[in-house]
1. For GLU87 paired with ASP162, estimate the spin-label separation in nm (one decimal), with each label point 7 Å from Cα along the Cα-to-Cβ line.
2. From Cα pairs below 8 angstrom and at least 6 apart in sequence, can you work out the relative contact order of segment 32-172, rounded to a whole percent?
3. Could you give the semi-axes, largest first, of the ellipsoid that matches segment 4-97, computed as the square roots of 5 times the alpha carbon gyration tensor eigenvalues and rounded to whole Å?
4. Given charges of +1 on the Cβ of Lys and Arg and -1 on the Cβ of Asp and Glu, with all other atoms neutral, how large is the dipole of segment 130-236 about its Cα centre, in debye to the nearest 20?
5. Looking at the chain as a GNM with Cα springs under 10 Å, which of ALA34, ALA44, ALA189 has the largest mean-square fluctuation?
6. Just to be sure I understand the model, the point goes 7 Å from the Cα along the line to the Cβ. What's the resulting GLU178 to ASN219 distance in nm?
7. Among ALA23, PHE132, LEU104, whose Cα projects farthest towards the positive end of the dipole of the chain, with charges put on the beta-carbon of Lys, Arg (+1) and Asp, Glu (-1)?
8. Say a paramagnetic label sat at a point 7 Å from the Cα of GLU48, along Cα to Cβ; which residues of segment 130-165 have their backbone N under 20 Å from it?
Amino acid sequence: MTTEWNEVLDKLLELMRLDLKIARLDQAMARAPAEVKNRAAAVAGLDEKSKQVSDRVKLLKAQILLRENERKTHLAKIDKLKDQASEVRSNKEFVAFRSEISNLQGELDRLDGEVLKIMAVVEQAEAKLAEFDEEKGREQELADKAQAEIDEKQADVRAERDGLLKDRPEVTSKIPKEPLELYERVHQARGRGMAALEGNYCTGCGEVQTRNDVYVVQNRTRLVLCRSCNRILFQP
């Protein structure tokens, strides 16, 4: 093999290893916010549950108000009937008034019972709201803590990544134009510009390579591109 191609391949492999490190750091930065997103989703879920319960409480309180207004109407009727009953002259009229008052009192008792039942449900719902608020506070605290930890880690990862990106031009400057263009084109398209040869298979895409190309890759007599994915092949 020629010293020239051997050196070119070594420089391309150096570039590939550098790009793999950068890619791993990019992936780490992308994965890091996942915990924060999960915590934020939990907080949002609790907000939605709280809203549903709060809406139900509002509806229940509106029902209580309707019954209280109805109760006031019945009380006013009872007071009016009592006044009228005091002025009747016959026992028959008095009994009729008392019967109507009794019916209205029964309605009052029914309304009071319904209000008590609704108030019990409201009390339970408001207790549930308090639980949601407490749980939401815990989740928010965990989310804030996770965000702080991620910000710290992300700063370190970003600094390392930026350092590698600064080193990249120095590595690429040592690679001839044509091989570098081949590498960069495939690297941009497929995320990886080179692939190892395993037997006669490209590990990048699994394509079988010709016997002659395998021989050339093994002996480094020139650069060989995979016939399918166009990655530059190398022998590990």
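1. The answer from the label model is 9.2 nm.
2. Values: 72 pairs, mean separation 65.6, N = 141.
RCO, segment 32-172: 47 percent.
3. Working: eigenvalues 1556, 9, 7 Å².
Each semi-axis is √(5λ); the values are 88, 7, 6 Å.
4. Working: 18 positive and 21 negative charges, 289 e Å.
Dipole of segment 130-236, to the nearest 20 debye: 1380 debye.
5. With Cα springs under 10 Å in the chain, the top fluctuation among ALA34, ALA44, ALA189 is at ALA189.
6. It works out to 2.0 nm between the two label points.
7. So the residue we want is ALA23.
8. 130-141, 143
Just so you know, all these numbers are worked out from the coordinates, no wet-lab data involved. Note that the coordinates shown come from a computational prediction; the quantities given were computed from them, not determined experimentally. Positions of Cβ are backbone-derived with ideal geometry, glycine not excepted, and every protein chain shown enters the neighbour counts.
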